[in-house]
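Reading through the structure tokens given below for one structure.
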Amino acid sequence: MNRPRIGVTTSLNLTDSGAREQRLDLAYVRAVERAGGLPLIVPMVATDEAAEAFAALLDGLVVTGGPAVTDGLIGALPEDIDPTDPDRVASDRRILRAFLDARRPTLGICYGMQLASALAGGTIYADVETQVDGTATHSRGRGGTTHPIDLVEGTTLHRIVGRPSIEVNTRHVQALAEPGADLVISAVAPDGTIEAIERTDGTFVGVQFHPEAMDPPLDALFEDLVEKARGV
């Protein structure tokens, strides 16, 4: 079977010995593999040239979750929330821009969605629960489903899921205020929080929740990514 090459970005962690390690939650890898893709780890890059080489080599991309985004931020981060390591952000910006410019199918998850929005000129609430009246608690645990989202009819996400609403997990403090140029909202929570966005050309889908960590995982998002990557 032809397995499209799907790049998966990593997080950056500081060990007790002071080493800087790249890490990846196995759930992302398994989700891509179940969907029929060949998951390949994308290391952090320091140049646009390297990012463009990965975009030429790979057929699709998953930008994984991470700590807080600081690009396009409205307000200050809560004291107990760490920003994403600047080196990871710089690398992810290069990689994401290269894949989007090359029109490679891309899935952004949580941080990945927010970073794509920021690159497009979007804005992000630093702490949505304190900045927007009536916002429900979204910073709960990673595992089970915790709230419904309504999908916008006619969007790519609506086509992928095939239902008007689904239950999703939630573990975020930040939330999008405005999605940015060439991005449209494709799902919202009952309190109005933006839960998903996508490019109007269908090459990018971003979700605020973690489909790889749902029980059962929302594999349809990864299956759609892999299917699009087959046509690259």
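The values are calculated or read from the model by the stated rules, or taken from the named source; none is laboratory data. Since the model is a prediction, treat every value here as computed from it, not as a measurement. Note: ideal-geometry Cβ built from the backbone for every residue, glycine included; neighbour counts use all protein chains shown.
Here are the numbers for the structure shown:
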| quantity | calculated |
| --- | --- |
| Residues of the range 193-219 satisfying the condition of being among the hydrophobic types (A, V, I, L, M, F, W, C), assigned to a loop (DSSP other than H, G, I, E, B) and under 20 Å from residue 67 (Cβ atoms) | 209 |
| Of the criteria (1) within 22 Å of residue 198 (Cα to Cα); (2) out of contact with any Phe, Trp or Tyr (no Cβ under 8 Å at 6 or more places or on another chain); (3) touching a residue at least 24 places away in the same chain (Cβ under 8 Å), which one residue 70 fails | (3) |
| Only listed residue being farther than 15 Å from residue 108 by Cα, over 13 Å from the mean Cα position of the chain (by Cα) and assigned to a strand (DSSP E or B), chosen from 177, 181 | 177 |
| Given (1) at pLDDT below 95; (2) under 16 Å from the mean Cα position of the chain (by Cα), number of the condition residue 60 does not satisfy | (1) |
| Unique match (being at positive phi and at pLDDT 95 or above) among 93, 103, 97 | 103 |
| Residue 205 being out of contact with any Lys or Arg (no Cβ under 9 Å at 6 or more places or on another chain) and aliphatic (A, V, I, L, M) | no |
| Residue in the range 136-175 that is farthest from residue 225 (Cα to Cα), counting only those that are among the β-branched types (Val, Ile, Thr) and at pLDDT 90 or above | 149 |
| Top-ranked residue of the range 1-54 - restricted to ones that are of a type in the set (Ser, Thr, Tyr) and surrounded by 17 or more Cβ atoms within 10 Å (Cβ to Cβ), ranked as nearest to residue 86 (Cα to Cα) | 11 |
| Output for the range 152-174, where each listed residue is in a strand (DSSP E or B) and in contact with a His (Cβ under 8 Å, 6 or more places away or on another chain) | 167, 168 |
| Within the range 76-120, considering residues that are within 21 Å of residue 183 (Cβ to Cβ) and more than 16 Å from the chain's Cα centre (by Cα), the one surrounded by the most Cβ atoms within 10 Å (Cβ to Cβ) | 102 |
